[in-house]
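The values are calculated or read from the model by the stated rules, or taken from the named source; none is laboratory data. Note that the structure is a prediction, hence the values are computed from the model and not measured. No Cβ is skipped: glycine too gets one built from the backbone with ideal geometry, and neighbour counts run over all protein chains shown.
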Amino acid sequence: MKPIPPDSVGLVTPARLRFAEPLALASGGVLADYELVYETYGTLNAEASNAVLVCHALSGSHHVAGYHSADDKRPGWWEHHVGPGKSLDTRKFFVVACNNLGSCFGSTGPASINPASGRAFGPEFPMVTVGDWVASQARLADRLGIRKWAAVVGGSLGGMQALQWAIDYPDRVAHTVIIAAAPKLTAQNIAFNEVARQAILTDPDFYEGRFYDHATEPRRGLRIARMLGHITYLSDDIMREKFGRGLRGGKLNFDYQVAFEVESYLRHQADSFVGRFDANTYLLMTKALDYFDPAGLTDGDLAKALAPVKADTLVIAFTSDWRFAPARSREIVKALHDNDLNVSYAEINASHGHDAFLMRIPRYVDIFTAYMDRVFAGRSS
Amino acid sequence: MIPARIDFRIIGDWIQPGSRVLDLGCGDGSLLAYLAESKGASGYGLEIDETHVEECVRRGVNVIQTDLDAGLSEFDERSFDYVVLSLTLQAVRYPDRLLREMLRVGTEGIVTFPNFGHWRTRWQLGVLGRMPVSTALPHEWYNTPNIHLCTLRDFARLCEREQIEVLESQVVDHAHRQRLAQRLLPNLFGEIALYRFRRARLS
């Protein structure tokens, strides 16, 4: 084990809170009670004015920064951005990261035991939306004594949550940072999600979502879903740069084993996903993405949907992101300035595709840090 | 605080307090910051350069990273009181189109540009036979971003052709000072021109 770098938050322990009050969901369903798992870094100040909520993306979790044990090979998923001296400087901010409901990393989800039946929820777990997550996170904020977030930030699906926070709780969000997101999915986005879901749903080991009872899981479906996802997270350019037509063994084998480097990459991504991620959660998360559309309630008028927003916003997009292209971020920017709200927009030159939001790209780090410095300077407002 | 540049002060004097301003090619955001502080103005800057974008974010100026040559289609009609184009007109691909766009999204437009009719420019081109290089136009012909240079007279003619009514104009030198000669013969002695204009009312 290498020593933990000094700019890391270090060893962290997730916390867990139980909410015994029923949560009414957008689907019409109700979660009678639920648990949320979260991590915090830094210290909440006496006025509780330095709290920042980090929202995670499709396959993310509450483990944003630091290490769970000295033997951890890898830190949290946003280690580049969260820690002492980083964009979300934990010497200044109290950073909170919450695992979304329906996830498989500790918050109540399909693999949790349904108290009504005594067995795993499986397909009985209600569908959750971005709005439901925000409502559940608001209760977490209450319990943590945070009336108003200095900022709510997130990338991809996490960026959508940040936007939803600003719409649903305008008085509880001073700033939002929305990274590599979109105001809604396109037909193409939904199509990719549907192929991923079909891979899972048609896997014989899916058992209508009851695979837990059969001591198995739809590995094939989940692997294909993850491979497909990874193709859309990378750009054509970065795939050419990383893999090209490179051959794993230096020659063609004339069989169906791995020949090209890119195949090896996808298989590796798929293998590391299975066993770590729950197939029912994958279905739920992709549906939450598909359903996200704040303007759906305002006849497609996004500016009208964002009319309640009071927060100042930084929107960041990446040039090579075709999953949530810069033009989609610009729709959010336009709707915000149509409402005369304070908004800035940066388009970062990056070849990494959608995954860029997870990377340490100097220009991205600089803009994000500059904005968070302003957030900290003006945090009483 | 550093005393404001005279072009900033002229623009500040031109705009009404509490105005909504769109600054095209806003650079490091210093004009918008000045107008916010001195006039209570609000609005957005558009800027293509990422270093400038970061400077704007750092100083708390709303900035949208974009290419002006792509137009202002994101902005609705009459969404600003003023649209400002400061020392950028000469660097855009279609100055005439951009002027029309400015008066679509704003009630009034304010433009500043380096005057190609300045005597030193004329001397370098007319007598020395070389493309002019000056403090206001520091680039060589082969590396200049300034692809659409004009004189005060040229600009006035374009305004006429585009049915743009000039409301006010001034000239300053490259250090943003004003001298008597500039007032008397602006197209010869003015290095930087400032115009405030609106769409001409059809009579």
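Data overview
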read-out	value
Filtered residues of the range A:315-351 (kept if more than 11 Å from chain B (Cβ to nearest Cβ) and part of a strand (DSSP E or B))	A:Phe318
Tally of residues being assigned to a loop (DSSP other than H, G, I, E, B) and polar (S, T, N, Q) across the range A:364-381	2
Some residue of the range B:14-35 being farther than 16 Å from B:Tyr82 by Cβ, in contact with a Phe, Trp or Tyr (Cβ under 8 Å, 6 or more places away or on another chain), at pLDDT 95 or above and not aromatic (Phe, Trp, Tyr)	yes
Verdict on A:Leu302 being touching a residue at least 60 places away in the same chain (Cβ under 8 Å), away from chain B (no Cβ under 14 Å) and among the aliphatic types (A, V, I, L, M)	no
Some residue of the range B:132-139 being touching a residue at least 24 places away in the same chain (Cβ under 8 Å) and polar (S, T, N, Q)	yes
Condition check for A:Gly118: more than 16 Å from the chain's Cα centre (by Cα) and modelled with pLDDT under 95	yes
Candidates B:Ile48, B:Ile110, filtered to the one that is away from every other protein chain (no Cβ under 13 Å) and either farther than 26 Å from B:Val172 by Cα or modelled with pLDDT of 95 or more (or both)	B:Ile110
Qualifying residue in the range B:22-42 (condition: within 22 Å of B:Thr151 (Cα to Cα), of a type in the set (Lys, Arg) and away from chain A (no Cβ under 14 Å))	no
Subset of the range A:157-180 (residues that are assigned to a loop (DSSP other than H, G, I, E, B) and touching a Phe, Trp or Tyr at 6+ places or on another chain (Cβ under 6 Å))	A:Ala180
Lone unmet requirement of (1) under 16 Å from A:Arg139 (Cβ atoms); (2) surrounded by 24 or more Cβ atoms within 10 Å (Cβ to Cβ) for A:His63	(1)
Near pairs, Cβ below 7 angstrom, 6+ apart or cross-chain, from the range B:74-86 (assigned to a loop (DSSP other than H, G, I, E, B)) to any residue that is of a type in the set (S, T, N, Q)	B:Arg78/B:Thr107
Answer residue from the range B:127-155, given it is surrounded by 12 or more Cβ atoms within 10 Å (Cβ to Cβ) and of a type in the set (A, V, I, L, M) and is farthest from the chain's Cα centre (by Cα) among those	B:Met131
Tally of residues being surrounded by fewer than 20 Cβ atoms within 10 Å (Cβ to Cβ) and touching a helix residue (DSSP H, G or I) at 6+ places or on another chain (Cβ under 9 Å) across the range A:349-368	4
Hits in the range A:352-363 (condition: in a helix (DSSP H, G or I) and more than 11 Å from chain B (Cβ to nearest Cβ))	A:Gly353, A:His354, A:Asp355, A:Ala356, A:Phe357, A:Leu358
Qualifying residue in the range A:59-68 (condition: touching a residue at least 60 places away in the same chain (Cβ under 8 Å) and outside any loop (DSSP other than H, G, I, E, B))	yes
The range B:51-71: number of residues that are without any contact (Cβ under 8 Å) to a residue 24 or more places away in the chain and at the interface with chain A (Cβ under 10 Å from one of its Cβ atoms)	9
Residue ID - nearest to the chain's Cα centre (by Cα), chosen from residues in the range A:199-236 that are in a loop (DSSP other than H, G, I, E, B) and of a type in the set (D, E, K, R)	A:Glu217
Selected residue [closer than 18 Å to A:His337 by Cα and away from chain A (no Cβ under 14 Å)] from B:Tyr94, B:Tyr82	B:Tyr82
Flag if A:Glu47 is more than 24 Å from A:Arg147 (Cβ to Cβ), in a loop (DSSP other than H, G, I, E, B) and of a type outside the set (A, V, I, L, M)	no
Positions within the range B:176-203 being touching a residue at least 40 places away in the same chain (Cβ under 8 Å), closer than 17 Å to B:Trp119 by Cα and of a type in the set (A, V, I, L, M), in sequence order	B:Leu188, B:Ile192, B:Ala193
